[in-house]
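A.B. asks: Handing you this structure, nothing more for now.
Each reported figure results from applying straightforward, stated rules to the coordinates on display, with no laboratory input. For clarity, every value in this text was computed on a predicted model and none was experimentally measured. Cβ atoms come from the backbone with ideal geometry, glycine included; neighbour counts cover every protein chain shown.
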Amino acid sequence: MHYFNYKNGELYCEEVPIKKIAQEVGTPFYLYSAKTFTRHFKAFQNAFSEIKHIICFAIKANSNLAVLSLLASLGSGADIVSKGELFRAIKAGINPKKVVYSGVGKREDEIRYALENDILMFNVESLSELKAIEKQAKLLDKKAPISFRVNPDVDPKTHPYISTGLKKNKFGLSRKEAIKAYDLAANMENVEVVGIDCHIGSQITEIPPFIEALERLLDLLKTLEDKGHKIKYIDIGGGLGIKYHDEAPPEPDEYASEILKKLKDLPYTLIIEPGRAIAGNAGILVTKLLYIKDTEEKRFYIVDAGMNDLARPSLYKAYHEIIPVLEKKEDKKEILADVVGPICETGDFLARERSMPLLEEGELLAVMSAGAYGFTMSSNYNSRPRVAEVMVSGDQFQIVRERETLQDLISKESLFNL
């Protein structure tokens, strides 16, 4: 559920008319609902309340400081994949002892930074990474808390680009490799094994792949404990999908119910890493219709937001519902159209062959379900300044990231002078 709704024929975010924000901020801009973020986080918190758990929000989904500080105030931890994400988490007030560091390519400086800030644990993805972590921990005279990410070879039935738990993917260790890694780590002076981890992908809309992966993880865990390894944390990753179009993903309580059947009586702290499920439907992208172009083939609605602002449709052929900010009557005629941006690429589109209402130039459109992997994946392609981000709480709104300026585009550059 989200708090973007029509009131008297006009789209609101909570208690604020979106048209009012657009008039003050300009377009395009990302718009977030604090109430929706809170509702979604609490849905996970309540669903797993029967067992010890830590919800580590996947910062890659939405890294805005206002979003992170709101989640920190609710008790969230963080799943990070870079030094920059850890920096953001700390600045937003997230306790480093609730931070897990994932990702296959951690640099030495990133490992040091995480050790210096005493994070909860590293999710280690290779033996080479394990040795790098031990090296940095020894230099700092620290003991690095680690878990190993296990690749359970489970098909998550999602887009291949966001599938991470198959043998052919770059992530994690096989069962055989994991056992070897745990044995090796147990004999390292500057490493402490504290957990086990897996993450099979993103936008997963069925429960069985999660359960299959968890069962394989628990089977491996029994083998590890029989060998004397002490495990405190089971990290089952994230990946729960959301409704973009016609999907019917399980709610957090349905998902949790099945997980709890496997974990309820076990002496571990559960770590879950939702990102999209918390952020996706808590944000939209607001854009203006610049031009209407009719060709012999089709109609184009040309808007001021492009693939540099929202990459998902071009990258994944992802579906985002697009609705007018001023509501159209249900009986009003619709037309098949492409909603495209100003980028110099044929792949620059927000929707293709979409049934859309008849619109007029200058109208505002809301691209729904854009709170996850929207701004975080945006770029300056075509030398376009990145858009503003706005947060609404009740009847108030605030710009939480200023729109970039032309000067911002070149602020880190210099002319080449021989």
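A.B. asks: Would you mind calculating the relative contact order of the range 188-264 from Cα pairs under 8 angstrom and at least 6 residues apart, reporting the percent as a whole number?
C.D. replies: Over the range 188-264, the number comes to 44 percent.
A.B. asks: Amide H to amide H under 5 Å from residue 237: which residues, 5+ apart in sequence or cross-chain, H placed 1.01 Å off N in plane?
C.D. replies: When sequence neighbours closer than 5 places are left aside, the close amide H contacts are 198, 273.
A.B. asks: Along the range 343-357, what does the Karplus equation 6.51 cos²θ - 1.76 cosθ + 1.60 (θ = phi - 60°) give for ³J(HN,Hα), rounded to whole Hz, x for Gly and Pro?
C.D. replies: After applying 6.51 cos²θ - 1.76 cosθ + 1.60, I find 6, 7, 8, 5, x, 8, 8, 9, 7, 10, 6, 9, 6, 10, x Hz.
A.B. asks: Which residue, chosen from 322, 51, 371, occupies the Cα position most advanced towards the positive end of the dipole of the chain, where the dipole is computed from +1 (Lys, Arg) and -1 (Asp, Glu) charges on Cβ about the Cα centre?
C.D. replies: Value computed over the given set: 51.
A.B. asks: Under the definition of Cα pairs under 8 Å and six or more residues apart, what whole-number percent is the relative contact order of the chain?
C.D. replies: Contact order relative to length: 20 percent.
A.B. asks: Let me ask another. Starting with the fewest neighbours, write out 401, 352 ranked by other beta-carbon atoms found within 10 Å of each beta-carbon.
C.D. replies: With the sparsest Cβ surroundings first, the list reads 352, 401.
A.B. asks: Still on this structure: Using a 7 Å offset from the Cα along the Cα-to-Cβ direction at both residue 139 and residue 218, what is the distance between the two label points in nm, to one decimal?
C.D. replies: Each label point lies 7 Å from its Cα, and together they span 4.1 nm.
A.B. asks: Hey, got a sec? Which trypsin sites (Lys or Arg not before Pro) in the range 9-57 land in a DSSP loop and have at most 15 other Cβ atoms within 10 Å?
C.D. replies: Here the trypsin sites (Lys or Arg not before Pro) that fit, given the DSSP loop and packing criteria, are 52.
A.B. asks: Using a ≥ b ≥ c from the Cα gyration tensor of the range 279-418 (square roots of the eigenvalues), is it rounded, prolate or oblate, where a/c under 1.5 gives rounded and otherwise the larger of a/b and b/c decides, a/b for prolate?
C.D. replies: Oblate.
A.B. asks: Answer rounded, prolate or oblate for the range 1-107, using the Cα gyration tensor with square roots of eigenvalues a ≥ b ≥ c: rounded when a/c is under 1.5, else prolate when a/b is larger than b/c, else oblate.
C.D. replies: Oblate, since a/c reaches 1.5 and b/c is not below a/b.
A.B. asks: If you don't mind, another one. Multiply the residue gap between residue 295 and residue 403 by 0.36 nm, knock off their C-alpha separation, and tell me the result in nm, one decimal place.
C.D. replies: Gain on stretching residue 295 to residue 403: 35.5 nm.
A.B. asks: Starting from the Kirkwood Rh over alpha-carbon pairs, what translational D in µm² s⁻¹ does the chain have by Stokes-Einstein at 4 °C and 1.567 mPa s?
C.D. replies: So the translational diffusion coefficient is about 57 µm²/s.
A.B. asks: Sort 245, 53, 199 by Cβ crowding within 10 Å, fewest neighbours at the top.
C.D. replies: By the 10 Å Cβ count, ascending, the order reads 245, 53, 199.
A.B. asks: For the range 331-395, just say rounded, prolate or oblate: build the C-alpha gyration tensor, square-root its eigenvalues into a ≥ b ≥ c, call rounded for a/c under 1.5, and beyond that prolate if a/b exceeds b/c, oblate if not.
C.D. replies: The shape class here is oblate.
A.B. asks: Which value in nm describes the separation of the simple spin-label points at residue 302 and residue 127, placed 7 Å from the Cα toward the beta carbon?
C.D. replies: Those two pseudo-labels are separated by 5.8 nm.
A.B. asks: Still on this structure: Between residue 24 and residue 45, what length comes free when the chain is fully extended (0.36 nm per residue of separation minus the Cα-Cα distance, one decimal in nm)?
C.D. replies: My answer for the length gained is 4.0 nm.
A.B. asks: Taking springs between alpha-carbon atoms closer than 10 angstrom, which of 36, 205, 346 fluctuates most in the Gaussian network model of the chain?
C.D. replies: 346
A.B. asks: If you don't mind, there's one more thing I want to ask. Tally Lys/Arg at +1 and Asp/Glu at -1 over every other residue whose Cβ is under 11 Å from the Cβ of residue 238; what's the total?
C.D. replies: Taking every other residue near residue 238 into account, the sum is -1.
A.B. asks: Relative contact order for the range 103-272: what percent, with Cα pairs under 8 Å and sequence separation of 6 or more?
C.D. replies: Here the relative contact order equals 20 percent.
A.B. asks: With a 10 Å Cβ neighbour count serving as the proxy for reagent exposure, in which order, fewest first, do 153, 197 appear?
C.D. replies: 153, 197
A.B. asks: OK, next. Using R₀ = 25 Å, calculate the FRET efficiency as 1/(1 + (r/R₀)^6) where r is the Cβ-Cβ separation of residue 414 and residue 376; round to 0.05.
C.D. replies: Using R0 = 25 Å, I get an efficiency of 0.35.
A.B. asks: Packing-wise, with mean Cβ within 10 Å as the measure, how do 179-188, 377-386 rank, highest first?
C.D. replies: Ranking the peptides 179-188, 377-386 by packing returns 179-188, 377-386.
A.B. asks: Please list, ordered by chain and number, the residues whose modelled amide H lies under 5 Å from the amide H of residue 54; skip anything fewer than 5 residues away on the same chain.
C.D. replies: Counting only residues 5 or more places away or on other chains, the set is 270, 271, 272.
A.B. asks: Taking a quarter of the surface of the convex hull around the Cα atoms of the range 103-272, what do you get in nm²?
C.D. replies: Here the figure is 10.1 nm², rounded to one decimal.
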